[in-house]
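Contents: one structure, followed by commentary.
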Amino acid sequence: MTKVIHDIRRCWQALDLLKEPQLPKWRQLLEMSLLLAIRGIGPGSYLQSRFWRPEIAFADKWEHANRKEYNALIDRWNALPYQKTSQHKVVEKAVLTLQQVPTPEFIAFLHQQSGVCASGSPLRSYADFRQLCLLLSGHKICLKPVEGFGGAGFSAFKVCADADDVWFEHPFSGAVTTLQHWWDQARQNPDGYIIEHYLEQHPVVAQFHPQSVNTLRIWVYQLPDRTEVACAFLRVGQKGSLVDNTSSGGLSCPVDLATGRLEFGFNKQEPWRLLQQHPDSGAQIAGVQLPYWQECLQLAGQALRAFPHVHLAGVDVAIAIDGPKMIELNVRPDQIGPTRMNVPLKRLDRKLREAYGKA
């Protein structure tokens, strides 16, 4: 409770200093109390969702889902036996490839019992791994835990080799990691890693923060005859991080669905501070037109349709130089995303119920 009070005061002080429009403080406290007591939506969610904005009707706030309702919604529209098909990166990659959905180029699955390269050769021992890296000398690669969340365990390197040795270099700082050191850490992960070629992103997206591949999170849902997009935001890394996840400090940049233009950026530590430029690079965010926007929306729908009995997902799409690439599909995405963009999930649930005759 002490932290909640501190966060509310900090938010109000920032809004006053920034001279941002806000509801009267008595009204905010009343709304927080009602939402917590009756709807189970706490003050933390109120602040993160920027519900102090005068333009958001209280009826909209009432229609956002609490945690219990959200979990029930996901399990209703994404059948439990099928949820795992998109949570294991090797299975997901196989499904997307079979359905001709463009993704970063697959190199190998590293696993101590069942690892295999795209060529069919085994990738189970350090000797196998070293041989693969010798073949990849000069290339940039990504290594991702096949079971992971929020970018944890993600690595990206340039593979280097000479007549005597092979090693990894950080793609931006040049810091060296020995192959043996990475292997010793990776072998502690029993689920293994998927290895892909590093995706070179479009310069429009790279300009914000070139060290991370900055990806779109597109909330898409499936109706009987079509897919539709509920909301979308671009995630952008900060402070040299290789990942763009907001849980790792990245920015969220809402996208206007009609135009594909970025509206602003913000981070979850200070959701009241709307950024027109990236705080590190100084690159303009607000008003920037994303390339291949319609193609990104189409790809998100194509990716969702590839998975049976999954009707709602947060689809992560990267924009490469030659067009969008599917990164991963999240069957239980963080619910705060649509809430921040005033997309009430209970209304979306009702729309799906009506479409499928479950009203």
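The values are calculated or read from the model by the stated rules, or taken from the named source; none is laboratory data. Because the structure is a prediction, the values reported are computed rather than measured. Here the Cβ is made from the backbone with ideal geometry for all residues, glycine too, and neighbour counts use every protein chain on show. For accessibility, only protein heavy atoms count, side chains too; no ligands or nucleic acids. Shrake-Rupley method; radii C 1.70, N 1.55, O 1.52, S 1.80 Å.
Summary table below
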{"item": "Mean separation of Cα contacts under 8 Å (6+ apart) over length of the chain, as relative contact order %", "result": "18 percent"}
{"item": "Label-to-label distance, nm, for residues given as Arg305 and Leu34 (7 Å Cα→Cβ offset)", "result": "4.2 nm"}
{"item": "Fraction of beta bridges assigned by DSSP in the chain that are antiparallel (%, nearest 5)", "result": "100 percent"}
{"item": "Using a Förster distance of 51 Å, the FRET efficiency for Lys25-Glu200 (Cβ separation, nearest 0.05)", "result": "0.60"}
{"item": "Difference of contour (0.36 nm per residue) and Cα-Cα distance, Gln113 to Lys68", "result": "12.4 nm"}
{"item": "Mean separation of Cα contacts under 8 Å (6+ apart) over length of the range 72-147, as relative contact order %", "result": "21 percent"}
{"item": "With DNA, RNA and ligands ignored, accessible area of Arg10 (1.4 Å probe; Å², nearest 10)", "result": "90 Å²"}
{"item": "Helix-only [θ]222 nm of the chain, DSSP H runs n ≥ 4, -39500 (n - 2.57) each, per residue, nearest 500", "result": "-9000 deg cm²/dmol"}
{"item": "Burial order of peptide ranges 298-310, 228-240 (average beta-carbon count within 10 Å, highest first)", "result": "228-240, 298-310"}
{"item": "Inter-part distance where the range 87-158 and the range 272-314 are each reduced to a Cα centre, Å", "result": "25 Å"}
{"item": "Full-extension gain in nm, Asp191 to Glu147, via 0.36 nm per residue minus C-alpha separation", "result": "15.2 nm"}
{"item": "Within the accessible area of the range 106-162 (1.4 Å probe), percent carbon and sulfur", "result": "56 percent"}
{"item": "Highest-first arrangement of 18-24, 89-95, where packing means the average Cβ count within 10 Å", "result": "89-95, 18-24"}
{"item": "Carbon/sulfur fraction of accessible area - the range 219-298, other protein chains in place, 1.4 Å, %", "result": "46 percent"}
{"item": "Computed over the range 303-359, the ratio Rg/Rh where both radii use C-alpha atoms and Rh is Kirkwood", "result": "1.04"}
{"item": "Compactness of the range 205-305 - radius of gyration and Dmax, Cα, Å", "result": "13.8, 44"}
{"item": "Contact order relative to length of the range 1-93, as percent, for alpha carbon pairs under 8 angstrom and 6 or more apart", "result": "23 percent"}
{"item": "Solvent exposure of the chain as accessible area per residue, Å², 1.4 Å probe", "result": "46 Å²"}
{"item": "Inter-label distance for Asp162 and Thr178, nm, one decimal - labels placed 7 Å from Cα along Cα-to-Cβ", "result": "1.6 nm"}
{"item": "Calculated FRET efficiency for the pair Asn330/Phe58, C-beta based, R₀ 30 Å, to 0.05", "result": "0.50"}
